[in-house]
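None of the figures in this text is laboratory data; all of them are computed from the coordinates on show. Being a predicted model, the structure only gives us computed values, none of them experimental. Cβ sites come from the backbone with ideal geometry, for glycine too, and all protein chains shown count toward neighbours.
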């Protein structure tokens, strides 16, 4: 079985997939730590620069550790130095680019190249250890590119702060709406082969929530509400894809949660899986194709 083959030592399938009891303490810790993480994200986002880069480094560093741990058949730690170093150096280059825009393309090119080099190194090491080169190699790119994308969006001179706020509002509203509607309504499963717990009710509820949140935020900044609603809807579809991808990976490796670092939530990857897909797509359309102009208004 794939799950048995890919589960690492000290993190067996039974450990990862066994459903832990969720009593009152769990449901109390979940909102408390959710609000704490949101406050940290908002505070560093407002501060920008090295503060936001440090927050991203903390999240992606913990995430890449969880990724290598999930997909390893034995000790995952040999994969960490190169992956972690690539993430940190990439964000330092991004900070440099924000202070010296004329070097932006060079800095981000080097940062992406570092992630690719780390992925290649992880793949080679995996082959030596008779593990999956593809799964190990995905880690630095899966975490590195979204981290760079988030920082690049924040550093965008065309209202980067507000664009990231709109992105966060859409992603967080999508996750919350999907959780609430999925629990309250239930009903038919979305794609049970990929993610057995996702329902159509959660998908629709999350999409509507993201659309309304983005419309409200962008309209308050002078953009037309329908443009914000469309932005939120697109981000919601991408977020659902990120959530489903991680659920599928966890199912393949026989885990219920990516880790247990965040009380009441599970692992870091469990909390950032949506943004890992949404941030690069948002950066691609806004920075590369100039899609922020489509939002209209004061943006």
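Some values worked out for this structure:
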item: Length gained when the stretch residue 191-residue 92 is fully extended (0.36 nm per residue, less Cα-Cα span); result: 31.7 nm
item: Approximate spin-label separation residue 226-residue 179, in nm, with each point projected 7 Å along Cα-to-Cβ; result: 3.4 nm
item: Paired Rg and Dmax values of the range 48-155, which use every Cα atom, in angstrom; result: 13.9, 44
item: Relative contact order for the chain, counting Cα pairs under 8 Å that sit 6 or more residues apart, in percent; result: 21 percent
item: Along principal axes, Cα extents of the range 137-206, largest first, whole Å; result: 44, 33, 12
item: The chain - mean residue ellipticity at 222 nm from DSSP helices (-39,500 (n - 2.57) per run, n ≥ 4, rounded to 500); result: -25000 deg cm²/dmol
item: Inverse mean reciprocal Cα-Cα distance (Kirkwood Rh) of the range 159-299, Å; result: 15.4 Å
item: Gain on full stretching of the segment that runs from residue 51 to residue 158 - 0.36 nm per residue minus C-alpha separation; result: 36.5 nm
item: Mean-position separation - Cα centroids, the range 152-231 and the range 96-144, in angstrom; result: 29 Å
item: Burial ordering of 234, 286, fewest other beta-carbon atoms within 10 Å first; result: 234, 286
item: Gained length - residue 117 relative to residue 39, 0.36 nm times residue gap less alpha-carbon distance; result: 24.7 nm
